[in-house]
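Beneath this line is the structure, given in structure tokens, with notes to follow.
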């Protein structure tokens, strides 16, 4: 009897339906150039867990992003841009809906947007005149595409362009988001012992064999992979795949392309491994009471690994930039570069699984190149990820949806409103449909940032506040909060009133 192969295993679900897993047919290989008078195409590239604080584009000590700097010379660069949250689920949901997490309610790990709000998304906002394509290596972001499936012409598998993968959900008919959850997340996800002992163990054995047969000499630390999910890839292949995808799109198209890197595990290719073994150590910051108490020495090593992975992403982005230029796509399309959240290596925290909302984990890059743009423009006021949806709708000639909580970005239809309030939050341990009880909310306004901690045992479940002058203290080392400070009390009043108003919408459920 022949040995069970990986292909045999993946066909297990497909046997339920002879025509399973047929995706939307793509338009053939057409030029990405827009015809005269056609709406501009829009390409959004999201690099997961990319912190603005670790990019030389924004003044970081290490030269991590020469190609992002090159792209910036023909883009609008937002220098104080914030994700609405500190991890993928709420951060991506806000980017895709133009809503804050307390509204869309995708606040828990692998959570979903409130069902009644699922129709409020960027794909619908741009309308049917666009060919709309969605791709995310991050399964949590991919879940939203299932909620938006009526507005998306083509959804690529999170395992597209990978070397080794055991993703089954998108090989079955119907709701891909649901099948991903039932099979890939619940039955077959990595981490601890598999919930499905038979299928889970079989899947892991097949995955291990497939991985062992895959050449990975250019990755000394092993191939990059997507966290718990069985997707292993070369970064160069992902960029090649995204370029090939863009190259075949018909104009006008809207493509949302969400790359896992530089998210952990940080595994750069050999070209960048030890690229920053320079002995540099950033200023040590004190442990936070809500931190994980990781040692500074360990965090410095992880920071170096992360910086090298960022530099690897930047190198591949340089190839993408050359491709977009050579194809003339930069002359006909809006090209957006951003992230869903950042990453931090300070105060005892490595990564972003934290209730903390300091700059490294919430300040993210945003660069937008308009068709034919040749010069750099800088925007220095605080802006939010929820501002992207209304801005792209406006640039596409569409009416800005009334549901949006964001504003038009300065230089792209909006004015530089220095007193705009920008919020960030983390409430991943709270139920999605109840008032916020244990959460962190940050308010950035003008030069200041107020951080509000509510319901934490470490603070005796009492409200606790921190205040920083980001302009003069970008490292957030000097807490200025005082009950005698008019600035502190004004910002405290504003954030409490906003949280209370949002909680009131769920008071009956609570």
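Looking at the range 76-141, what helices (runs of 4 or more DSSP H) fall wholly within it and have at least 3 residues that are in contact (Cβ under 8 Å) with a residue 24 or more places away in the chain, within 24 Å of residue 368 (Cβ to Cβ) and within 18 Å of the chain's Cα centre (by Cα)? First the steps, then the outcome.
Values: elements: 88-97, 101-104, 122-126.
Answer list for the range 76-141: 88-97.
Filtered by the rule that a residue be in contact (Cβ under 8 Å) with a residue 24 or more places away in the chain and surrounded by fewer than 13 Cβ atoms within 10 Å (Cβ to Cβ), the range 285-306 gives 286, 293, 298.
Would you check if there is a residue in the range 296-317 being in a loop (DSSP other than H, G, I, E, B), modelled with pLDDT of 95 or more and either under 24 Å from the mean Cα position of the chain (by Cα) or farther than 27 Å from residue 344 by Cα (or both)?
First, the residues of the range 296-317 that are in a loop (DSSP other than H, G, I, E, B): none.
No, the conditions are met nowhere in the range 296-317.
Per the conditions (1) part of a loop (DSSP other than H, G, I, E, B); (2) touching a strand residue (DSSP E or B) at 6+ places or on another chain (Cβ under 8 Å); (3) at pLDDT 95 or above, the sole criterion not satisfied by residue 292 is (3). Residue 342 falls short of the stated requirement of being out of contact with any strand residue (DSSP E or B) (no Cβ under 7 Å at 6 or more places or on another chain), in contact (Cβ under 8 Å) with a residue 60 or more places away in the chain and within 24 Å of residue 79 (Cα to Cα).
Here residue 65 meets the list (1) over 26 Å from residue 229 (Cα atoms); (2) touching a strand residue (DSSP E or B) at 6+ places or on another chain (Cβ under 8 Å); (3) surrounded by 21 or more Cβ atoms within 10 Å (Cβ to Cβ) almost entirely, failing just condition (2). Quick one: residue 165 ticks every box in (1) over 26 Å from residue 43 (Cβ atoms); (2) more than 17 Å from the chain's Cα centre (by Cα); (3) at pLDDT below 95 bar one, so which box is it? Single failed check for residue 165: (1).
Are there strands (runs of 3 or more DSSP E) fully within the range 389-481 with at least 3 residues that are in contact with a strand residue (DSSP E or B) (Cβ under 8 Å, 6 or more places away or on another chain), closer than 23 Å to residue 121 by Cβ and touching a residue at least 12 places away in the same chain (Cβ under 8 Å)? List them.
On the way: elements: 421-426, 439-445, 448-454, 464-469.
By residue number, 421-426.
Being without any contact (Cβ under 8 Å) to a residue 24 or more places away in the chain, part of a loop (DSSP other than H, G, I, E, B), over 21 Å from residue 96 (Cα atoms) and more than 20 Å from the chain's Cα centre (by Cα) is a property that does not hold for residue 271. If you go through the range 46-59 and pick out every residue that is touching a residue at least 12 places away in the same chain (Cβ under 8 Å) and not in a helix (DSSP H, G or I), you end up with 7.
The values are calculated or read from the model by the stated rules, or taken from the named source; none is laboratory data. Remember, it's a predicted structure, so these values are computed and weren't measured experimentally. Neighbour counts are summed over all protein chains in view; Cβ atoms, including those assigned to glycine, are modelled from backbone coordinates with ideal geometry.
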